[in-house]
1. Do we find that residue 260 is surrounded by fewer than 16 Cβ atoms within 10 Å (Cβ to Cβ), assigned to a loop (DSSP other than H, G, I, E, B) and in contact with a strand residue (DSSP E or B) (Cβ under 7 Å, 6 or more places away or on another chain) in this structure?
2. Failed condition for residue 32, given (1) more than 17 Å from residue 93 (Cβ to Cβ); (2) at pLDDT 60 or above; (3) out of contact with any helix residue (DSSP H, G or I) (no Cβ under 8 Å at 6 or more places or on another chain), with all others met?
3. Looking at this structure, is residue 233 exposed (fewer than 13 other Cβ atoms within 10 Å of the Cβ) and either touching a residue at least 60 places away in the same chain (Cβ under 8 Å) or farther than 20 Å from residue 165 by Cβ (or both)?
4. Would you check which residues across the range 240-252 are in contact with a helix residue (DSSP H, G or I) (Cβ under 6 Å, 6 or more places away or on another chain) and either under 14 Å from residue 326 (Cβ atoms) or part of a loop (DSSP other than H, G, I, E, B) (or both) and list them?
């Protein structure tokens with residue numbers, strides 16, 4: 001009697017194959033070589049093209065094979081999949097070639113990938129989405145769960161780790177770690193590794209003065225409301241730099257930089273200034289012109305936990321924010 005199979009026929013003969021990814025760093029010599037060749041030919045300087053760089057970096061591969069990599073989404077530049085053969089490369093760019101299969105892309109309206117490599121993910125989180133569920137017994141869709149499922153499709157063995165969080169009501173840039181080493185390096189050296197975090201917010205009224213620093217001790221009550229206090233035994237120091245970019249129509253667009261990362265820090269400090277963030281009724285807002293808390297993490301700059309590269313990411317000021325103050329470009 002034949003032994004009954006527990007899986008589909010042939011499944012046991014097709015184990016998961018990890019991706020084979022080649023990595024190439026663009027050096028200054030690569031860029032200078034192209035510029036010199038173009039100058040000798042009398043051409044206007046046009047820069048180093050991706051396809052030319054790929055040909056030079058993989059001389060053992062047939063040119064048609066290299067073109068197929070590009071055609072089938074197997075090329076990433078600085079963490080982003082591209083099919084453009086004439087993308088211009090600069091010194092410091094990182095080109096990755098997946099020789100096994102196409103790079104997976106994330107199809108989600110709530111979170112988008114800004115950068116990805118073997119160690120980290122940088123994403124743009126949408127408003128209203130939790131970074132991670134606070135209740136392990138309830139199944140909420142979170143930025144973490146969306147990204148975890150995406151990574152599992154790429155490699156079932158891949159892990160994902162929380163490094164820091166954004167409030168559910170805050171949109172913008174945040175990062176995750178894909179390895180224990182990257183996670184521990186960032187968390188144990190957070191103040192030294194994170195070089196810059198900037199937010200933009202629409203606040204009610206006009207801050208006075210138009211720019212400055214808010215420095216206070218923050219504590220949290222039993223109802224999970226954070227507040228400023230003079231009691232050093234319960235409060236932790238929080239420092240927020242702010243600068244008004246534009247005021248109009250009863251609102252101000254403010255840029256904020258964090259020296260510390262306390263819970264609800266920006267929201268409390270804007271309330272303390274008498275200019276609560278629009279839509280933030282928890283901290284005193286009386287209006288909600290865009291039907292959300294108007295706070296966005298615009299810039300995230302940090303030292304890469306493995307390569308030690310300077311990683312600098314920025315997003316545009318949300319169009320709805322600009323509209324609140326009568327338009328803003330910058």
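1. Details: surrounded by fewer than 16 Cβ atoms within 10 Å (Cβ to Cβ): yes; assigned to a loop (DSSP other than H, G, I, E, B): yes; in contact with a strand residue (DSSP E or B) (Cβ under 7 Å, 6 or more places away or on another chain): yes.
Here the answer is yes, as residue 260 does meet what is asked.
2. All conditions are met except number (1).
3. On the way: exposed (fewer than 13 other Cβ atoms within 10 Å of the Cβ): yes; either touching a residue at least 60 places away in the same chain (Cβ under 8 Å) or farther than 20 Å from residue 165 by Cβ (or both): yes.
So residue 233 passes the test.
4. The answer is 251, and nothing else.
The values are calculated or read from the model by the stated rules, or taken from the named source; none is laboratory data. Everything numeric here is computed off the predicted structure, so don't read it as measured data. Ideal geometry is used to build each Cβ from the backbone, glycine not excepted, and the neighbour counts take in all protein chains shown.
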